[in-house]
1. Compute the Cα gyration tensor for the stretch 77-172, then decide on rounded, prolate or oblate, letting a ≥ b ≥ c be the square roots of its eigenvalues: rounded whenever a/c is under 1.5, prolate when a/b is larger than b/c in the other cases, and oblate in all that remain.
2. If we count every other residue with Cβ under 13 angstrom of V222's Cβ, Lys/Arg +1 and Asp/Glu -1, where does the sum land?
3. Would you pull out the residues with amide H under 5 Å of F115's amide H, same chain only if 5 or more places away, H placed 1.01 Å from N?
4. In the stretch 167-248, with Lys and Arg counted as +1 and Asp and Glu as -1 at Cβ, which of these residues, G201, L247, P170, has the Cα nearest the positive end of the dipole, that is, farthest along it?
5. To the nearest µm²/s, what D does Stokes-Einstein give for the stretch 309-435 at 37 °C and 0.692 mPa s, using the Kirkwood radius over alpha carbon pairs as Rh?
6. Pick from Q235, Q302, Q166: which is most flexible by mean-square fluctuation in a GNM of the chain where alpha carbon atoms under 10 Å apart are linked?
7. For the residues T367, T78, T139, T192, what sequence is obtained by ranking on other C-beta atoms within 10 Å, fewest first?
8. Rounded to whole Hz and in sequence order, give me ³J(HN,Hα) for the stretch 274-279 from the Karplus expression 6.51 cos²θ - 1.76 cosθ + 1.60, θ = phi - 60°, writing x for Gly and Pro.
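What follows is calculated from the coordinates using simple rules that are stated; it is not laboratory data. Remember, predicted model here, so these are calculated numbers, not experimental data. Glycine also receives a Cβ, built like all others from the backbone with ideal geometry; neighbour counts cover every protein chain displayed.
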Amino acid sequence: MSGTSPKPTRRRVLAGLAATAAAPAWAAQPANPDVIVIGAGMAGLAAAFHLRKAGYAVAVLEARNRIGGRAWTDSATTSVPLDLGCAFLHAAGRNPLVPLVREIGGRVVENTGDFTVWRQGQGELDGDALEAATVSLATRIGKADRDVAVGSLVKPRTPMEGLAAQLMGPLNAGVPFAEIAVYEELTQHGGTDALVPTGLGSFVTAAGAGLPVRLGTPVQHVDWSGKRVLVRTTQGTLRARAALVTLPVGVLQGGAVRFAPALPAAKQAALAGLRMALLDKVVMHLPVGAAGVGANHWLVWQAKGGDATVIWLHPFGAPVCVALIGAALAHEAERQGAEAAFAWMGEAIGDVAGNRVARALGPGLLTRWAADPWARGSYSALRPGHAGAREALAEPLDGRLFFAGEATHLGWQTQLPGAYLSGLRAAAEVARALG
C-alpha cells in the first residue's frame, strides 16, 4: 500500500454544491497506482475516494469529457439546474445519499407537487384510482415466486391498470411492463421521493473534486493475466495491482473494452442476464403561468394508443417542462429526433391545456441515453430467468479485477444509491485483496 496520496476528508472532497458549476480541480495521477478505477460515475468516484482515504494510490480513467456518468445536471438549457439523467432520491427516509447531500449543505426537497391524471379523448381521471390500480398490480406481482417475466403471470385487467402498467414498466423499469423480471420488481423501493434543487448530477460532480481523474481517456483493453493489471487507453498504458471496472452493462456488452484473458463464462453469463433499460427526457421551454399551474406540477398523460408520459411542469418555478418517455417510445424518439419528441410533448400539453398553451412551447432538448456510446441506455434491467446475475457480475476475479456500478447492487439497482453503495463494497474488496 503506497500511502503517498493525500487523504482528503469527505467534506473536502464533496465541496459545496454551489461550486459545482465549474469543473472540479483534479488531483495529479500517481505514476505507479495501486488501483486503476475505470469510469468516473458515482460508483468509481465513491470507490476512489475511500481507497485514497485508506492510503492507496488511485488513478481514475473517464472516457467522457465530464464526470458523473448517467448523473448529469444541465445548467445551460433552463434557468434552473436540470438533471438529464437520474434525478429522484427514492425512499428518501432510508436513502443513503440523502444525508450525504445534506452534509455538504445541499437541500433535499420532498416531492409533494400536485398532479393531474389525463387520458386523451377522455379527460381527467381519478388520481386515487390510479394509485389503487398501481397497488393492485404490485400486490399481484408480489405474490409471484417464479423467476419469470411479469407478463406471464400478471396482466392489467382494467384501463386504469393499463395506465398503471405504463408507469411501472416504461416509465419506471425502462422496459415494457410484460418484460419486467418478477424478482427485479420485488426489490424496488417505495416511500417518499425527494429531489435536489441544485441537481443530483451536481452532487456527483462535487464528489469528484480533488480526485485523480483523467478525462477523455477511453479504456480499450484490460490485461489481467499477470501479477499486475495492464490497462491500455487511447492515451497510453497504465499498470496497477488491481483494476476496478464500473462501466455500464451496455458498454461492457458492446465490447468497447476487451479483456485478456476473456472474462470467464460465469461473468459473461451474468452480463447476458442483464440489459439496458431506457428512460429519456424531453425538455421544452414553457412560460410560467401559461398552463395555469404552479411550480412542480406533475401531469400523467396517456395517449389513445396507450403510450404514457409523465410531464414535470415548471420544476422549482422554472419556465420549462420535462417529459419522461421510456422503453419503445424513447427508442422511437431517439430514432426520429428531437422534433418528433417535441411534437409528442405538444400533443400532450395541447390535449390537456389547449392549443394556445401548446403553441407557447419552445424547443429545448431530447436526451439520447441509448445513443450515448458510454452509456448505451439509462440503467440496467434484469432479464427474466436470470436471478442472481447482479450478484455474479459483482464477484471479483483473482484478487485483481473488481466490478461496481448500479447493475451490481441488489436492492438499490437502477438507482444512484446502488452505484454509490457498490463503490463502497468494491473499495472494501480491493483493500482486503491488496492488504
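1. It comes out oblate by the Cα gyration axes.
2. The answer is +4.
3. The answer is W298.
4. L247
5. 186 µm²/s
6. So, out of Q235, Q302, Q166, the one fluctuating most is Q235.
7. T139, T192, T78, T367
8. 10, 9, 9, 7, 9, 9
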